[in-house]
Structures are given as C-alpha cells and as structure tokens.
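Here the structure is laid out as structure tokens; the discussion comes afterwards.
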Amino acid sequence: MATETEVIAPVSNGGGRGCCKSGPGYATPLAAMSGPSEKLIYVTAVYAGTGREKPDYLATVDVDPSSETYSSVIHRLPMPFVGDELHHSGWNSCSSCHGDASADRRYLVLPSLVSGRIYAIDTKENPRSPSLYKYVDPKEIVEKTGLAYPHTAHCLASGEILVSCLGDEDGNAEGNGFLLLDSDFNIKNRWEKPGQSPLFGYDFWYQPRHKTMISSSWGAPKAFTTGFDLQHVADGLYGSHLHVYNWPGGDMKQIIDLGETGLLPLEIRFLHDPSKDTGYVGSALSSNMIRFFKNSDETWSHEASIVISVKPLKVENWFLPEMPGLITDFLISLDDRFIYFVNWLQGDIRQYNIEDPKNPVLTGQIWVGGLLQKGSPVKAVGEDGNTFQFDVPLIKGKSLRGGPQMIQLSLDGKRLYATNSLFSAWDRQFYPELMDKGSHIIQIDVDTDKGGLTINPDFFVDFGDEPDGPALAHEMRYPGGDCTSDIWI
C-alpha cells in the first residue's frame, strides 16, 4: 500500500484564459449562493492517535434529504499509510480560477498534519467514490524545503497550490513556512522570501485586490502534538501574531502582535467580497473574535477593542478555575452578512450579524455539546455562587459527545454542519470519550432572515459505528467548493 496509485492524466492549469463561465466555481460569492444544494460532503476521518492501528480515511457522507442513504457514510477511502492524522483539506482549483477555461476542480488536497504527507484525491471520476491520485512524500518536502507538519491548503489563480507548514521535521516552529506545489503536485519551492517565515504557522487567507496575504499562529508542533500545556504558552511555544505578506510576492510587510487578547489566533478569513479590506481572526485561548483592516497608508491593524469576546466561566471539577470558550473554528456566509463560530470547550455555536463589521450583533446561539452539558461532572459557577449546566438535546436518541469543532455552511447559508474532533492529542486530553465512542456530524438549520439556529433532528452521522472502530471526524468539504475553500479575485 505504500506506493503511489496509477496516475491519471494530470490537470493542466497553465493554459490561456477562456470564457469565465467554463472555469471552476463561481464568478462572485453572491453567484455561489445560488448554486445547487449540497448532496455530498467529504470528511477527513482519523485513527492516528486513537490507539487503533488503522489508516486514516476520507469519508463520503450523503447529505441529500431525498436520498435513501441520507445522513450516512456511503464510501470510505483509506490512505495507504498508518499514522497520518488527516486534518484540513482544500482544492487544486477553485473560484480563484473561475476565469481559466483550462482549470478543473478535480483533486481534493489532504495534508497530513503529523506524518507530513500531502494526498491528492480524485473526486471527478466518481464523486461518490473518490480515489487516490498521488501523494507528496514528506521526506522529499523536507529535503527540498525544510518544511513539515502541513496544515492549510489553498488553490491559487495560477493553478498552483499553497500549503502552510507549521514547523521543521523536529517540530520546531522556527522552520515553518509555505510550500508551493505546481498543478500536478510537484514541489516547486517555499513561497515566502528567504528569512521571512512566520513566527508560528497555522491558517492563511489572501485578498488579491489588496495584494495581501495574512497568516495566523498556532504553536510549535513539538508542543501541540503532545496535548495542551498552559506552561508552553508561558514558555513562548504558542503564538499571538498575524503575519502580513505582499501577494503574490511573498515579502513579509508586517507582523501584528495581538497580545494577551489574541493568544492562539487560529482560523483567519477576509470578507468574501474581494474588494473589501477587512476580516476576522478567531483567538482560541483568549476566546476573542478580532477584526483586522487596512489603513490609509496601506499598513494593516487590528481593533484594540475586541469585536466579540467570549467570557471565561468559573468552573468546578476541572483542572483550571476558569474555562475559556476556545474558539477553534469560524466561517463567514458568502454574502458577508453572518459570522458563525464554535466554542469547543463551553459547547455552543453562535451566529452574529456582521453587516456592520465593527459592531456584530448576536442573532443565534445553540449548545450542542461541551464540558458543561447536563450530566457532566464539570459545572459552571454563576456570580451568585450557584452552579449551572447547559441543556444539550439528544439527536436520534444519541447524546452529543465532545464539543462543536469544525463547521461548514451550505452555499445558500441555510444549513450549518458541525463535527466535534479538534486534534487527536487534544481530543484525548479534553474529551477522552471520543477515543472510545468516536465523532459525529450534526446539521443545524439557519434562519437567515431574523437569525437563529435550530438542530435538524433527522441528521446524525455517527463515526462511533465505523467498520474499523470509532473514528475522529474533522474537516468537511463540498465537491463544488464552499465558503472556507474558495477565494475570489
């Protein structure tokens, strides 16, 4: 199993520009909202770190309510190796290539956070049963670039693929940077200019009309792969900075220090409208949503006053006296009207109206797990000294495990999907039951008129019932692209 599969004819993205309607994706974010409803979701499913000596796999989930196999895994594509820790995913081509008639959204890009492999999965031949096209060997990546621990993959208008890598092969953050692959997944080089690596690596987003890419910070792989230790934050092994680069040149223009209010800034998104010069980053440990923006002198800043702050809760029967929300994922609707984020520890998902980006308004909130749900030994303590917990509903008779983690929104903004696994080492530490019972996917109905979130009682995909044992479900992708995979130019 350790050899590459037979290679299908590679996609060519280097040809001339054709009719804009023949490229992948949509001409604008608003046009994408009128796209077809999702029928399938691809989900990374993990055995690495669970104690099961099985390969991670890509699960294909049926999300078509009219289908006989609705709300179930209909295909599993195992990777050829054990121990990868599949995590995030992206596409070889997306709406940034919409004007290129030769471009084709065919390959789902699966970076393996622990092993360092990067898989290319062919979804075009049979979308319901994708197959392995090829993989990039981690030894070759290290030899040619010094990079390891690949995380976020984004397609570029050039047809190339850019992947953030969080450290060197020894797990040091000093070796992190950006790997540039060509359209057939051959290693080209590091994208950033020599000596201009981020302080720490994680996510990134580019906004071509403003000639800018901004990346965020998690921490040193040698720290986060062993679980979370608060001392590591004090020791400087986790980040609190944004890194501003010239796009597409790769020159670092600025480092923005978010300070104590921005510890562990993870997911980062610009508004989808490519003319806009503002966006948000979710600070996990500080549990703040922070807005960044461009100044009149072409520099970038963040707002000193926090746009959205999730207050820590005083708790009993936990290893710390206070529990942060831990914002580990967020996304923005394609019309830039709503922002959605999760609090992995406290257990809620929130919806805010951001039509005024400086003044978000809470319009929906729902508890779908977390450490403070009724029946948990952990209890929150109110200002009056009384303890309390949150009501979390059953779905199809099953209790919700872990906390809401990765989320994905339908193109029309009316359905929100959520998984509950963050990273195997952190799952084991904070939600050990996931090791024995596995993950799940839930679906939440969204009110886009007045705001509001409601659980769909008919949708529950239980990864505790998988053939090779309970698995951890993480990132989700639609075959036709979505609001966290596609960037417009």
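The values are calculated or read from the model by the stated rules, or taken from the named source; none is laboratory data. Fair warning: this is a prediction, and the values are worked out from it, not measured in the lab. Positions of Cβ are backbone-derived with ideal geometry, glycine not excepted, and every protein chain shown enters the neighbour counts. Remember, those area values only see protein heavy atoms, side chains included, never the ligands or the DNA or RNA. Shrake-Rupley method; radii C 1.70, N 1.55, O 1.52, S 1.80 Å.
Can you tell me which residue within region 206-259, out of those that are hydrophobic (A, V, I, L, M, F, W, C), assigned to a loop (DSSP other than H, G, I, E, B) and touching a Ser or Thr at 6+ places or on another chain (Cβ under 9 Å), is surrounded by the fewest Cβ atoms within 10 Å (Cβ to Cβ)?
Trp247
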Check Ser115 against each of (1) open to solvent by 10 Å² or more (accessible area, probe 1.4 Å); (2) at pLDDT below 95 and name the one condition it does not meet. (2)
Within region 409-454, residues within 21 Å of Ala59 (Cβ to Cβ) and part of a strand (DSSP E or B) come out as Leu409, Arg415, Leu416, Tyr417, Ala418, His440, Ile441, Ile442, Gln443, Ile444
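Picking from Ser305, Ser309, Ser275, which residue would you name as being out of contact with any Leu (no Cβ under 9 Å at 6 or more places or on another chain), under 27 Å from Gly451 (Cα atoms), surrounded by fewer than 17 Cβ atoms within 10 Å (Cβ to Cβ) and at pLDDT below 95?
Criteria check complete, one pass: Ser305.
Right, Lys437: open to solvent by 10 Å² or more (accessible area, probe 1.4 Å), of a type outside the set (Gly, Ala, Ser), at pLDDT 95 or above and over 21 Å from Asp336 (Cα atoms) or not?
Values: open to solvent by 10 Å² or more (accessible area, probe 1.4 Å): yes; of a type outside the set (Gly, Ala, Ser): yes; at pLDDT 95 or above: yes; over 21 Å from Asp336 (Cα atoms): yes.
Against the criterion (open to solvent by 10 Å² or more (accessible area, probe 1.4 Å), of a type outside the set (Gly, Ala, Ser), at pLDDT 95 or above and over 21 Å from Asp336 (Cα atoms)), Lys437 qualifies.
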For the subset of region 402-419 comprising residues that are open to solvent by less than 50 Å² (accessible area, probe 1.4 Å) and either among the aliphatic types (A, V, I, L, M) or without any contact (Cβ under 8 Å) to a residue 60 or more places away in the chain (or both), which member is farthest from Gly364 (Cα to Cα)? Gly402
Give the residue, chosen from Ala153, Ala157, Ala173, that is more than 27 Å from Gly99 (Cβ to Cβ) and in contact (Cβ under 8 Å) with a residue 60 or more places away in the chain. Ala173
Restricting attention to region 392-406, does a residue exist that is farther than 24 Å from Leu266 by Cβ and not in a loop (DSSP other than H, G, I, E, B)? yes
Inspect region 465-478 for any residue being within 30 Å of Ser34 (Cβ to Cβ), assigned to a loop (DSSP other than H, G, I, E, B) and under 16 Å from the mean Cα position of the chain (by Cα) and give the result as yes or no. yes
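Take the residues in region 69-106 that are β-branched (Val, Ile, Thr) and not in a loop (DSSP other than H, G, I, E, B), then tell me which one is surrounded by the most Cβ atoms within 10 Å (Cβ to Cβ). Even if it seems obvious, please write down each step before you answer.
At the first step, the residues of region 69-106 found to be β-branched (Val, Ile, Thr) are 69, 73-74, 82.
Applying the additional criterion that residues be not in a loop (DSSP other than H, G, I, E, B) yields 73-74.
Details: Val73: 22, Ile74: 14.
Filtering region 69-106 for residues that are β-branched (Val, Ile, Thr) and not in a loop (DSSP other than H, G, I, E, B), the one surrounded by the most Cβ atoms within 10 Å (Cβ to Cβ) comes out as Val73.
Using the structure shown, decide if Pro80 is modelled with pLDDT of 95 or more and more than 21 Å from the chain's Cα centre (by Cα). Working first, answer last.
Values: modelled with pLDDT of 95 or more: yes; more than 21 Å from the chain's Cα centre (by Cα): yes.
When the stated conditions are applied, Pro80 passes them.
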Tell me, please, whether a residue that is open to solvent by less than 20 Å² (accessible area, probe 1.4 Å) and closer than 25 Å to Lys314 by Cβ can be found in region 390-397. no
Considering only residues that are assigned to a loop (DSSP other than H, G, I, E, B) and in contact with a Ser or Thr (Cβ under 9 Å, 6 or more places away or on another chain), look in region 44-67 and name the one that is most open to solvent (accessible area, probe 1.4 Å). Pro65
All conditions in (1) surrounded by fewer than 17 Cβ atoms within 10 Å (Cβ to Cβ); (2) within 19 Å of the chain's Cα centre (by Cα) are true of Trp344 except (1)
Counting only residues in region 278-302 that are surrounded by 20 or more Cβ atoms within 10 Å (Cβ to Cβ) and among the β-branched types (Val, Ile, Thr), the one nearest to Leu258 (Cα to Cα) is identified as Ile290
What is the residue count in region 153-205 for residues that are among the β-branched types (Val, Ile, Thr), in contact with a Gly (Cβ under 8 Å, 6 or more places away or on another chain) and open to solvent by 10 Å² or more (accessible area, probe 1.4 Å)? 0
